[in-house]
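Heads up, the thing below is written out as structure tokens.
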Amino acid sequence: MRNLLIKELRLSTITLTYIFLGFALMTFIPGYPILCGAFFFCLGIFQSYQSSREANDIMYSVLLPVSKKDVVKAKYLAAMTLQMAAFLLCAVCTIVRMTLLSDASVYESNVMMSANLVYLAFVLVIFAAFNIIFIGGFFKTAYGIGKPFIMFIIVNFIIIVVAEALHYLPGLERLNVLDFTNAGEQVAILAAGTVIYATATLMSCRKSQNKFEKIDL
């Protein structure tokens, strides 16, 4: 599995995907739906899948002395590794905003979602949606990527709209704090996002393994 994961990160993942990690810096943009940064990073992973498909990467992988289930698992682990790298960068940017920049006037007057632990929870929810809809959809055929990515785009922007609208609902203004006010509530929401991400990704991986076993390549 270790060698398969290295193969995914070194051969199957194109340079553009790593460059797209830089979209984590969108966390610093005021007056902008910063959750779009998570979407753009998912777009980077999509580009790697597109490149791998054209290179017939799946066929190459199944010809290796590994099981088809391990091929699927390696794909998911690679995506999770990249997503966690993006999440870590978003988290660093968020901590900076919540500490050093919490009193910056440009953020105090920001009408969009603030960078806090609730924002990080929604980043994980978007990644979970990507793993279920796109990666899970890809392994229905081990070839088609257009339809599952379009479906992910739709769900992704629904998530962003919901996230941006929440703090405008009566009683939920506290979700948009600039610092560690209501820290306990923020941590609980982040923990819920983590559980959603881990559970959804695991279930999607197992389902994809079962589907891939039945595909005649």
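The values are calculated or read from the model by the stated rules, or taken from the named source; none is laboratory data. Since the model is a prediction, treat every value here as computed from it, not as a measurement. So basically every Cβ, Gly included, is an ideal-geometry build from the backbone, and we count neighbours across all protein chains shown. We work out accessible area using only protein heavy atoms, side chains counted, and drop any ligands, DNA or RNA first. Shrake-Rupley method; radii C 1.70, N 1.55, O 1.52, S 1.80 Å.
Listed values, structure above:
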read-out: Summed residue charge, Cβ within 15 Å of Gln186's Cβ, Lys/Arg positive, Asp/Glu negative; value: -1
read-out: The chain: angle of helix 117-129 to the longest principal axis, Cα-based, in degrees nearest 10; value: 20
read-out: Residue with peak Gaussian network fluctuation, the chain [Cα springs, cutoff 10 Å], from Met203, Met80, Met59; value: Met59
read-out: Cα long-axis angle, helix 36-54 against the chain (0 to 90 degrees, to the nearest 10); value: 10
read-out: For the chain, diffusion coefficient by Stokes-Einstein and Kirkwood Rh (Cα), 10 °C, 1.306 mPa s, µm²/s; value: 88
read-out: Heavy-atom accessible area per residue - the chain, 1.4 Å, Å²; value: 48
read-out: Cleavage-rule hits, chymotrypsin sites (Phe, Trp or Tyr not before Pro), segment 130-177, DSSP coil, Cβ neighbours within 10 Å at most 15; value: Tyr143, Tyr168
read-out: Top of Tyr76, Tyr60, Tyr49 by mean-square fluctuation, Gaussian network on the chain, Cα under 10 Å; value: Tyr60
read-out: Full-extension gain in nm, Tyr143 to Asn210, via 0.36 nm per residue minus C-alpha separation; value: 22.5 nm
read-out: Helix axis angle, 68-98 relative to the chain longest principal axis, alpha carbon, degrees; value: 20
read-out: Eligible aspartates and glutamates near Lys140 by straight Cα distance, threshold 18 Å, same-chain separation 8 or greater; value: Glu54, Asp57, Asp70, Glu213, Asp216
read-out: Label-point separation, Leu100 to Val162 (7 Å along Cα→Cβ), nm; value: 3.4
read-out: Given Lys69/Lys147; Lys147/Lys214; Lys68/Lys207; Lys7/Lys211; Lys73/Lys211, the pairs whose alpha carbons are separated by over 18 Å; value: Lys69/Lys147; Lys147/Lys214; Lys7/Lys211
